[in-house]
Amino acid sequence: MYQPILLYSWSKKVAKAFSPFSKPQSFLLAACSFGIIRAQRCTLGRIAERLCSLGKADTVERRLQRFLANPQIGLEQGCRCLAGWVLSSLVFGGKTLVLLVDETSLGEHLKVMAVCLAYRGRAIPLAWWCYQKEHYPMKSVELIDTLLGWVAPCLPAGCRVLVEVDRGLGCSPALAKRLRGRGFDYLV
């Protein structure tokens, strides 16, 4: 199928799922994700090359850079929209829903704390926070609880939630208390 038709069809779905975003914001989010799929890479230059219907690659790359650096696009709001979209698209039927909490280092200077949905042998990211390796945005228990708080309103009613945390993060009695307070089971 012709690229612009696919992109515009995808942008309608993204706009619906990310309804708090403005039209230009949701379109650029759709274009970026569409470009990632087409390029099979996350490098902006490669993404822009795959979005030839939007203009010259260097112009598209600058648009994507401005979009990604836009402080008006809130991380929390984006994660809530994504979690709602993913969780509403899947059928759980009263089964246990498994959330994975993990902190990963990316290179020498960057870390990511993520809450992912375990689904069919995969981990689908629902909420995350990136930060400099030595500059945590808050204590790890608070960070995990914040991310789970973004996802919690999107969880299907009637599902049992099991949170799996690796022992490096999960050995905290404070975290266990927060998880129990949310009504979540946990496995460390």
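The values are calculated or read from the model by the stated rules, or taken from the named source; none is laboratory data. A quick note: this is a predicted structure, and the numbers were derived from the prediction, not measured. Please note: Cβ atoms are built from the backbone with ideal geometry, for glycine as well, and neighbour counts cover all protein chains shown. Calculation scope for accessible area: heavy atoms of the full protein, side chains included, ligands and nucleic acids excluded. Shrake-Rupley method; radii C 1.70, N 1.55, O 1.52, S 1.80 Å.
Structure above, values below:
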{"quantity": "Label-point separation in nm, GLN40 to ARG120, each point 7 Å along Cα→Cβ", "calculated": "1.9 nm"}
{"quantity": "Once exposed loop GluC sites (Glu not before Pro) are cut out (DSSP; at most 13 other Cβ, 10 Å), longest piece of the chain", "calculated": "1-107"}
{"quantity": "R0 of 35 Å, Cβ-Cβ distance ARG167-LYS95: FRET efficiency to nearest 0.05", "calculated": "0.85"}
{"quantity": "Amide H contacts under 5 Å for GLY55, placed H, 5+ residues apart", "calculated": "none"}
{"quantity": "Number of Lys pairs (Cα under 30 Å; 8 or more positions apart or on different chains) in the chain", "calculated": "14"}
{"quantity": "For LEU126, distant residues with modelled amide H under 5 Å away", "calculated": "VAL115, CYS116, LEU117"}
{"quantity": "Helical mean residue ellipticity (222 nm; -39500 (n - 2.57) per DSSP H run of 4+; nearest 500) of the chain", "calculated": "-15000 deg cm²/dmol"}
{"quantity": "Full-extension gain in nm, GLU76 to GLN3, via 0.36 nm per residue minus C-alpha separation", "calculated": "23.2 nm"}
{"quantity": "Candidates ARG38, ARG120, ARG63, ranked by Gaussian network fluctuation over the chain, Cα under 10 Å, top entry", "calculated": "ARG120"}
{"quantity": "Cβ-placed point charges (K, R +1; D, E -1), dipole of the chain about Cα centre in debye, nearest 20", "calculated": "580 debye"}
{"quantity": "Phi-based couplings in Hz for the range 106-122 (Karplus 6.51, -1.76, 1.60; Gly and Pro marked x)", "calculated": "10, x, 8, 10, 10, 10, 9, 9, 9, 10, 10, 8, 7, 8, 6, x, 10"}
{"quantity": "Sites ARG160 and TRP85, calculated FRET efficiency, Cβ-Cβ separation with R0 30 Å, nearest 0.05", "calculated": "0.85"}
{"quantity": "Bridge type composition, the range 47-188 - antiparallel percent by DSSP, nearest 5", "calculated": "65 percent"}
{"quantity": "5 angstrom amide H check on CYS159, placed H, neighbours 5+ away", "calculated": "none"}
{"quantity": "Surface per residue (accessible, 1.4 Å probe) for the chain, Å²", "calculated": "59 Å²"}
{"quantity": "Length gained when the stretch GLU142-LYS16 is fully extended (0.36 nm per residue, less Cα-Cα span)", "calculated": "42.3 nm"}
{"quantity": "Mean-position separation - Cα centroids, the range 28-71 and the range 127-188, in angstrom", "calculated": "32 Å"}
{"quantity": "Local net charge near GLN40, Cβ-Cβ under 10 Å (Lys/Arg +1, Asp/Glu -1)", "calculated": "+4"}
{"quantity": "Degrees between helix 57-69 axis and first principal axis of the chain (Cα, 0 to 90, nearest 10)", "calculated": "30 degrees"}
